[in-house]
1. Hey, can you tell me all the residues within segment 257-280 that are touching a residue at least 40 places away in the same chain (Cβ under 8 Å) and out of contact with any Pro (no Cβ under 7 Å at 6 or more places or on another chain)?
2. Hey, any hits in segment 173-189 for a residue that's within 17 Å of R240 (Cα to Cα), assigned by TED's automatic domain parsing to the domain that holds R240, assigned to a helix (DSSP H, G or I) and within 15 Å of the chain's Cα centre (by Cα)?
3. Identify the single condition in (1) within 18 Å of E83 (Cα to Cα); (2) modelled with pLDDT of 85 or more that T121 does not satisfy, given that it satisfies every other one.
4. From M324, M280, grab the single residue that is more than 22 Å from G177 (Cα to Cα) and not polar (S, T, N, Q).
5. If L123 meets every condition in (1) in contact (Cβ under 8 Å) with a residue 60 or more places away in the chain; (2) surrounded by fewer than 18 Cβ atoms within 10 Å (Cβ to Cβ) apart from one, which number is that one?
6. Which of the following residues is more than 34 Å from the chain's Cα centre (by Cα) and either surrounded by 10 or more Cβ atoms within 10 Å (Cβ to Cβ) or under 16 Å from L195 (Cβ atoms) (or both): I263, I279?
7. If you take the residues of segment 187-245 that are among the acidic types (D, E) and closer than 23 Å to A100 by Cβ, which of them is surrounded by the fewest Cβ atoms within 10 Å (Cβ to Cβ)?
Amino acid sequence: MNPFSSMNTWLIETLGPLGPLLAVGLLGLLLILIALPTVMKRQRDRFRELKDSQPTLGETGKKRALRRTEKVDKLERYAKFLEPQKKEDLSAAKMRMLRAGYPSKNAVRMYHAMQFLLAITFLLIGMALAMFKSLTGDLSTNAMLMYTLLPCAVGYFLPRYWVDKRLEKRQTEIIEGFPDALDLMLVCVEAGQSLDQSIIRVGKESRAGYPALAEEFDMVAQEVKAGKERISVLKDMAERVGVPDVASFVTTLIQSSTFGTSIADALRVYSADMRDKRIMRAEEKANMLPTKLTLGTMLFTVPPLLVILIGPSVYGIATMLGNMRP
């Protein structure tokens, strides 16, 4: 006998028709109660104690600091639960959120918090739906598990899907706008502006059409103004964006500054290469279009055509066979 069926029968005989659903709910509540002490336990933070021991600000400064850190502090006590404990995993998660356009310090915490909250919310909705279904009719154990666990999985993976789609959209926007940005940068450099001034101008002019690319150029300009080395800033930009075209552009600028060649010549050659790549990508999409239309043609054109061509013949044959019967 199936152990799940026997367990389901025992729960129904013991707790009534809603026995399996109550057992699932109690199990989830028990797991949450077991995990709560570990989650709520806050380790001693030496840096926080040192910061608190410093001279306090005025009332106005204290209110501003509290407003700035209020949202961060709410999630900081759950940092051990909401952030990866390994440094490599945490760095990879932060880089992924940066590439998706979330540069906030607590972006990783918010991401995992949304996963947890949506999973719990969808689980409760699924349990309520399963309870309603069990009241209106007989509900098997497999169906009850599907009603409860499937919405929980959907709620858990929904933030990941959102971040992945946003990352893909942002990288596509950067790839599409990069050739135009290089042409504008080449014009600025040939007009006599320095590379830093041209980056500022490109970030300003690109904001209307390509805001993601403009944000990256603005971040580069701000970091250079702050005194960070330009080569390091450009390498950080290439790693932060995660686009091969930008990485090749950064390598070209670094080689140009290392060997002392003209930046205008390097930009001219590289911008021409980027325009050729954009044309090749457009041609690739155009060449893939007939292949994608083949399935639609087969589904929506061939069956009506067969009905029009063969339908009268089939009708005539059926009529003739009917008349030949005695």
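The values are calculated or read from the model by the stated rules, or taken from the named source; none is laboratory data. Everything numeric in this text was worked out from a predicted model, so none of it was measured. As a convention, Cβ positions derive from the backbone with ideal geometry for all residues, glycine included, and neighbour counts pool all protein chains shown.
1. Selection gives I263, A264, L267, R268, Y270, K277.
2. Taking every residue of segment 173-189 in turn, at least one turns out to be within 17 Å of R240 (Cα to Cα), assigned by TED's automatic domain parsing to the domain that holds R240, assigned to a helix (DSSP H, G or I) and within 15 Å of the chain's Cα centre (by Cα).
3. Looking at each condition in turn, T121 falls short on (1).
4. So the residue among M324, M280 that is more than 22 Å from G177 (Cα to Cα) and not polar (S, T, N, Q) is M324.
5. With respect to (1) in contact (Cβ under 8 Å) with a residue 60 or more places away in the chain; (2) surrounded by fewer than 18 Cβ atoms within 10 Å (Cβ to Cβ), L123 is out only on (2).
6. I263
7. Looking at the filtered set, the residue picked out is E239.
For (1) of a type in the set (G, A, S); (2) modelled with pLDDT under 85; (3) under 30 Å from E215 (Cβ atoms), each residue gets a yes or a no:
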| site | (1), (2), (3) |
| --- | --- |
| L90 | no, yes, yes |
| R96 | no, no, yes |
| N106 | no, yes, yes |
| A130 | yes, yes, no |
| T136 | no, yes, no |
| L139 | no, yes, no |
| M144 | no, yes, no |
| L149 | no, yes, no |
| A153 | yes, no, no |
